[in-house]
Amino acid sequence: LAQNRTHSMSATVTTSSFSLPHSLRRYQCNRCVFRDNNNRQQLVSSSGRRLQKSSVSVSSSLEGDKTIVIIGGTGRVGSSSANAIQKALSESSPSSKIVLASRNKASFEETVSRYPGLRSKTTTFREVDVSDIQSIESAIKGADLVINTAGPFQTVKTCNILEACINLSVPNYLDVCDDGSYAKNAKSLDAKAKASKVTAITSGGIYPGVSNIMAAKAIENQLRDAKIARERNDEDEAAESSSSSQEEKDEIEYLLYNYFTAGSGGVGSTILATSFLLCGEEVTIYENGNEVRMEAASSRKVVDFGKGVGKREIFLYNLPEVESTHKIFNVPTIKARFGTSPGIWNTAMVAMARLLPSDVLKNKELIQQVASALMPLVKLVDAAVGEKMSIKIDCKLKDGKISTSLFTHNKLSECVGQSVAAFALAMLEGESSYGVWYPEETSTFLDQDLLLARASEGASQFQLSQAPWKLESQPINLGFGISLE
């Protein structure tokens, strides 16, 4: 499910002063938390202390002009992404070209009407048929980065756009895939991407995408905190030796992805169709290391998404971050749930998953027609409930504490574009690492901290690895008229 503004902001970040052992170095990260959301000029550590490191700007430092082709660029996600990228490059690389590739020119005119800033000499249109690799190759020739926002990704059996990039050795490819099967197919092209010197990231939107990196940070921080706790308790050589024997036992017990979006999130019929198609997919979760299959829109749970969102019902759906995070970090229990408002939409999704035949739910053309037909009603509801979105990630260390990370934004239609732009800029500014990668695997060649700062610009909440009670929507009553907020 996918990601508008990216402009200059300064912030301070911290890096822990201790050195992790080699076995844990891949988990090392900078922990940063936005605490004052009205004045987001500083970052503080999760302990609440102000940090004194030098500031980092989230505006682009890209040198030289680039050509960025966005397939599906006139859709809601693609156009929001184009708008965010253009703003980010307006100072550092104003002559960079953005190409919006889609089926017809009429959709381009609608896009530039929606985002007047895209009506410029550096933004152009190219017609493309995503089912025809030759058409795709013609559209992407000469690109430095190709972004695939041409969803829905459900039921799509081939990765034509990635294959075209590999055929032409396009340096960078990014997609906003939210389907497990499509992501697996993309990963199967890893060897070909390496051979053609292509750096590709699949599932690089907001959720999945930014959420994957938040989860990676949560895991990293939990393992780091476990090491810190041991170092504080082990003060002599004998204790250190004992600690060393225990070090390999540190592991994450579970990680839970929790997502909420009000209404349709203001991102159009394609995302609505995606939600309907997910009702026809069996859900894969992991429980104590075992792969478990569940019904779509099942296992209802009420989750507190903090101030401004509150408690919301969410349900299991089949999302690619479950398998990727399980395999990359060996997390034994991992699940992803999503919910919307008003509650009648959740009820309708559950009814679809239970009552409609599987072949109907997997009929992409029919589902897209239904989604388009419902859009007038959906827009009326969206006007009433807004398009707020929230990501909450709960991560528990085995025999240890639970940490919670939270990202809330008032407009999904903006932050989805911001998030895609954050990945795009990170790829153009970072080092090449040939192959096909999930977002969690990018720490060695992307600046993930800067990526998160860019993606969360304008967020009402963005916090990593906090005690769960700190992020509750209601203050905790301690008695005697004292409460913690």
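Every number here is computed from the coordinates shown, using simple stated rules; none is lab data. No experiment lies behind these values; they were computed from the predicted model shown. Using ideal geometry, Cβ is built from the backbone for each residue, glycine included, and neighbour counts are taken over all protein chains shown.
Some notes on this structure:
- For segment 53-143, the direction-averaged projected area of the alpha-carbon convex hull comes to 6.8 nm².
- When the convex hull of its Cα atoms is projected in every direction, mean area for segment 303-376 (nm²): 7.2 nm²
- Backbone geometry of segment 192-209 corresponds, through the Karplus equation with coefficients 6.51, -1.76 and 1.60 at θ = phi - 60°, to 3J(HN,Hα) couplings of 5, 5, 4, 5, 8, 6, 10, 9, 10, 10, 9, 6, x, x, 9, 9, x, x Hz, x marking Gly and Pro.
- Here r is the Cβ-Cβ distance between residue 300 and residue 65 and R0 is 30 Å; the resulting FRET efficiency, rounded to 0.05, is 0.05.
- In order through segment 284-292: 3J(HN,Hα) via Karplus (6.51 cos²θ - 1.76 cosθ + 1.60), integer Hz, x for Gly, Pro: 9, 10, 10, 10, 6, x, 9, 6, 10
- Modelled FRET efficiency - R0 51 Å, residue 92 with residue 354, Cβ distances, 0.05 increments: 0.50
- Cα convex hull of segment 80-191, projected area averaged across orientations, nm²: 7.3 nm²
- Extended-chain gain in nm, criterion 0.36 nm per residue less alpha-carbon gap, residue 188 and residue 344: 52.3 nm
- With Rh defined as the Kirkwood radius, the inverse of the mean 1/r over Cα pairs, the Rg/Rh of segment 386-461 is 1.04.
- Overall Cα dimensions of segment 248-333 - principal axes, largest extent first, Å: 46, 32, 21
- Estimated FRET transfer efficiency (residue 104, residue 445; beta-carbon r; R0 45 Å; 0.05): 0.80
- If the chain linking residue 287 and residue 384 were pulled fully straight, counting 0.36 nm for each residue of separation and taking away their Cα-Cα distance, it would gain 31.1 nm.
- Prolate/oblate/rounded call for segment 331-411, Cα gyration tensor, a/c under 1.5 rounded: oblate
- The Cβ shell under 12 Å around residue 342 holds other residues with a net charge of -1, Lys and Arg each +1, Asp and Glu each -1.
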